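The values are calculated or read from the model by the stated rules, or taken from the named source; none is laboratory data. Bear in mind that the values here come from a model prediction, so they are computed numbers and not experimental data. Every residue, glycine among them, receives a Cβ derived from its backbone with ideal geometry; neighbour counts consider all protein chains shown.
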Amino acid sequence: MGGKKNIGFAITASILGLMIAIQFRTVSEPVFRDTRDTWELREALLKEKEMQLTLLKEIRLSEEKLAKYKVNKVQSQETALRATIDELKTEAGLTNISGPGLKLVLSPVSEAVGPAGNVYLSPEILRKLVNELNMYGAVHMSIGGERLINTTVIRDINNETKMNGQRLDRFPLEINVIVKSMEDAGKLYNRMKVSNIAEAFFMDNIRVNVHKPSPTTKVTAYGDAIRVKAMKAVKGDGK
């Protein structure tokens, strides 16, 4: 009888000891806190949200295309192929397009500088403007009549800002932006009217004028051939 009591006491003591050890470890472990400031956390959160939105858009587009292909099975293969080619051309920026959007005009601050030719358009600030427009819903865009596509590079070459190999030094410089709907165009207009990007341009003696939304904003097609370096034609066997 005494042996059973000793065993029970030993088991109870072991359980209590384990609980005390766990409690002590929980209390003694340091609390690690994120030392990043609020703006860094907001930027990280914004990037994560942008990535999520981009992935959701790509998934939605893929699902829509898949549904379209299934419907087109009962139709002519040639018709479906032509429609797909036209859609891909539009997505690649190879066609003229018109739709809801707005226009921004960059012009020299006349009271601060001389001739327009003396104004320098910073490629860094211009890229920031493009990124901001994309973040706020831009679908198609042209700058100074040059279409912006996925492979477009805005950079400084010998103290000249160029895009698609063309100089961007003729002012006033028009930026046409097309979005999905007039509602989106209104939202984009309101956001650009209060954007800090205008102050960055003003420091370089350039004024940003945001025009009111229009249902017939025009964006021209990309004029050059698109060169694909990572792909090559494969000869099929006719099957």
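Hey, among the residues in the range 115-164 that are small (Gly, Ala, Ser) and touching a strand residue (DSSP E or B) at 6+ places or on another chain (Cβ under 6 Å), which one's surrounded by the fewest Cβ atoms within 10 Å (Cβ to Cβ)? Within the range 115-164, the match that is surrounded by the fewest Cβ atoms within 10 Å (Cβ to Cβ) is Ala116. Output the residues belonging to the range 147-179 that are part of a strand (DSSP E or B), touching a residue at least 40 places away in the same chain (Cβ under 8 Å) and within 15 Å of Gly223 (Cα to Cα). Residue satisfying the conditions is Arg147 alone.
Within the range 170-185, is even one residue more than 19 Å from Asn96 (Cα to Cα), of a type outside the set (Val, Ile, Thr), at pLDDT 95 or above and surrounded by fewer than 13 Cβ atoms within 10 Å (Cβ to Cβ)? Checking the range 170-185: at least one residue is more than 19 Å from Asn96 (Cα to Cα), of a type outside the set (Val, Ile, Thr), at pLDDT 95 or above and surrounded by fewer than 13 Cβ atoms within 10 Å (Cβ to Cβ).
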